[in-house]
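Contents: one structure, followed by commentary.
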Amino acid sequence: MKDRIDGLIARCRGEIATCTCVQSLTECKVKFLGKNGELTAILRGMKDLSPEDKPIIGSLVNKARDELANELTIAEQSLKQAELNSKLNNEKVDITWVKNTDKSGTLHPLTKIQNLIIDSFVPMGFEVLEGPEIETEYYNFEALNVPADHPARDMQDTFYITQNILLRTHTSPNQVRTMEAKKPPIKMLCPGRTYRADYDASHSPVFHQIEGLVIDENLTLCDLMGTLECVARKLFSADTKVRFRPSYFPFTEPSVEVDVSCCKCGGVGCSVCKGTGWVEILGAGMVHPYVLENCGIDSNKYTGFAFGLGVERMAMIKYGITDIRLFFENDKRFLKQFNK
Ligand code: FA5
């Protein structure tokens with residue numbers, strides 16, 4: 001019996017040594033130590049041994065089982081480690097790898113139009129500045145000659161944060177901030193996001209404006225008209241007609257609204273221009289003397305003009321888009337069209 005046990009141990013060790021994966025090791029364990037394994041069969045046969053042999057063989061079988069179980073566990077651990085090492089080597093991830101899909105991002109059409117507008121003004125000597133989107137009532141209204149009870153406040157439906165803090169309804173507060181910070185001559189452009197409680201096909205609660213301000217001696221309405229005509233022709237086409245309509249803004253006097261001939265229909269009338277042949281692009285005017293004085297600028301010495309231009313409106317006219325909401329839906333099929 002002892003020889004049988006020694007033979008079993010030797011065979012089991014031989015098989016352990018040839019196992020190359022955890023699966024074959026498990027099969028080896030079942031074959032020798034399992035419920036129907038060879039060592040269990042020897043244990044079962046012990047009932048036929050003499051009373052003297054029983055404890056001797058029993059101890060040999062137990063010793064063989066403990067030793068083989070231990071060797072199987074050690075072999076299993078080292079095979080598992082080897083399998084893990086090979087997996088780690090074969091499944092390396094190169095986090096610096098970039099897939100070349102030719103699907104690089106592009107500028108949003110509104111960013112493109114904004115850049116185009118800025119590029120039309122910069123050669124004329126305008127510097128580009130920025131201002132806060134969260135404003136005080138003072139900068140958004142009061143300093144611009146719109147006191148608390150002024151009916152003009154109803155022209156711009158305002159998102160208030162507190163009683164005195166609001167989301168700016170236009171970029172005009174930057175006129176005041178610039179005039180407070182700089183001495184004339186001033187020639188600035190301020191692009192930025194603006195907010196109003198508006199929502200329909202041509203009004204969005206978030207939209208973009210570009211403010212322009214020029215302050216110097218002897219400026220007149222003709223300087224304003226010439227500047228805007230020149231830019232409108234650069235942005236649309238050389239034969240674009242520009243129309244100035246009298247208007248009202250509390251912070252400019254006189255005030256105008258500026259229309260350009262519809263570039264979709266050439267002025268005949270279509271859905272973009274609502275059949276009129278004209279589309280409004282901005283509000284403008286000569287800076288009101290009260291505003292100059294509010295900012296510490298001598299209104300007897302200096303005059304100036306300002307304008308506020310709607311970026312979405314410009315993009316709609318240029319691309320013939322009839323619903324402003326398309327700009328904000330992030331539908332790639334829409335955005336892709338401007339990627340040429
Ligand atoms: C103003 O906001 C004045 N601050 C403009 C100005 C500046 C006048 C300097 C004089 C001197 P108005 O409310 O008209 O004006 O807006 C200017 C432009 O912003 C409009 O012509 C339009 O193109 C755009 N706009 C206004 N509201 C919205 C809106 N809800 N969605 C999209 N565009 C809008």
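The values are calculated or read from the model by the stated rules, or taken from the named source; none is laboratory data. Note that the structure is a prediction, hence the values are computed from the model and not measured. No Cβ is skipped: glycine too gets one built from the backbone with ideal geometry, and neighbour counts run over all protein chains shown. Ligands, DNA and RNA are excluded from the accessible area calculation, which covers all protein heavy atoms including side chains. Shrake-Rupley method; radii C 1.70, N 1.55, O 1.52, S 1.80 Å.
Before moving on, here are some points about what is shown:
- Summed over the stretch 181-205, residues that are near the ligand (Cβ under 8 Å from one of its atoms), surrounded by 15 or more Cβ atoms within 10 Å (Cβ to Cβ) and within 20 Å of the chain's Cα centre (by Cα) total 2.
- Single residue of SER24, SER59, SER86 found to be more than 19 Å from LEU8 (Cα to Cα) and of a type in the set (Gly, Ala, Ser): SER86
- Residue check for MET286: part of a strand (DSSP E or B) and not polar (S, T, N, Q): yes
- Test result for GLU67, in the same structural domain as GLY37 (by TED's automatic domain parsing) and either touching a Gly at 6+ places or on another chain (Cβ under 9 Å) or touching a residue at least 60 places away in the same chain (Cβ under 8 Å) (or both): no
- Qualifying residue in the stretch 103-126 (condition: open to solvent by 10 Å² or more (accessible area, probe 1.4 Å), basic (Lys, Arg), free of Cβ contacts under 8 Å to residues at least 40 places away in the same chain and not assigned by TED's automatic domain parsing to the domain that holds ASN294): yes
- Of residues in the stretch 258-281 being open to solvent by less than 50 Å² (accessible area, probe 1.4 Å), in a loop (DSSP other than H, G, I, E, B) and of a type outside the set (Gly, Ala, Ser), the one modelled with the lowest pLDDT: VAL272
- In the set VAL214, VAL231, only one residue is in contact with a helix residue (DSSP H, G or I) (Cβ under 8 Å, 6 or more places away or on another chain) and in a helix (DSSP H, G or I); that residue is VAL231.
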